[in-house]
1. Show the residue pairs that are 6+ apart or on different chains and have beta-carbon atoms under 6 Å apart, the first residue being within the stretch 13-30 and part of a helix (DSSP H, G or I), the second being surrounded by 10 or more Cβ atoms within 10 Å (Cβ to Cβ).
2. Do you know which of the residues in the stretch 64-91 that are over 20 Å from L14 (Cβ atoms) and basic (K, R) is surrounded by the most Cβ atoms within 10 Å (Cβ to Cβ)?
3. Considering only the stretch 7-63, state which residues are surrounded by 12 or more Cβ atoms within 10 Å (Cβ to Cβ), at pLDDT below 85, over 27 Å from R96 (Cβ atoms) and under 15 Å from the mean Cα position of the chain (by Cα).
4. Starting from the stretch 77-88, keep only residues that are among the aromatic types (F, W, Y), then list their pairs with residues that are part of a helix (DSSP H, G or I) whose Cβ atoms are within a distance under 9 Å, requiring at least 6 positions of separation or different chains.
5. Taking the stretch 64-86, which residues are within 21 Å of H41 (Cβ to Cβ), in a loop (DSSP other than H, G, I, E, B) and modelled with pLDDT of 90 or more?
Amino acid sequence: MASGPSGYGEGSLLAGTDLDELCGGQDTHSDRDLLCNTYVHGFLDGFNTGASLATLRLGYCPPKNLTVAIGRLAIAKYLRDHPTELGLDAGTLAARAVLSAFPCPDASN
């Protein structure tokens, strides 16, 4: 895949102007269209997973320097360590992976 527009680097967050640049056009089947669809798909997947986990009061305390690369490593490790769960949906597995990798410190200590 070609690299995205400038400013979409590792660890950077998209601003509204960036999202508008990616998703505001009518140019389908372009790199920007692919990036927009990927972003929206990931957002919706995460939003739906978050909604389903909201009642569980899970402790998730990621480090301030969390990047996509670190997140990918955490997810890949979880998948390797839990092969019997591979039939579950990806959002649930990714959530379990980051919850396992970045738990909050025990408040009782």
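The values are calculated or read from the model by the stated rules, or taken from the named source; none is laboratory data. Note that the structure is a prediction, hence the values are computed from the model and not measured. Positions of Cβ are backbone-derived with ideal geometry, glycine not excepted, and every protein chain shown enters the neighbour counts.
1. Matching pairs, first to second residue: L22/R32; L22/L35; L22/C36; C23/C36.
2. K77
3. Once the filter is applied, which keeps residues that are surrounded by 12 or more Cβ atoms within 10 Å (Cβ to Cβ), at pLDDT below 85, over 27 Å from R96 (Cβ atoms) and under 15 Å from the mean Cα position of the chain (by Cα), the stretch 7-63 yields only Y8.
4. From residues that are among the aromatic types (F, W, Y), the pairs are Y78/E85; Y78/L93; Y78/A94; Y78/R96; Y78/A97; Y78/V98; Y78/S100; Y78/A101.
5. L86
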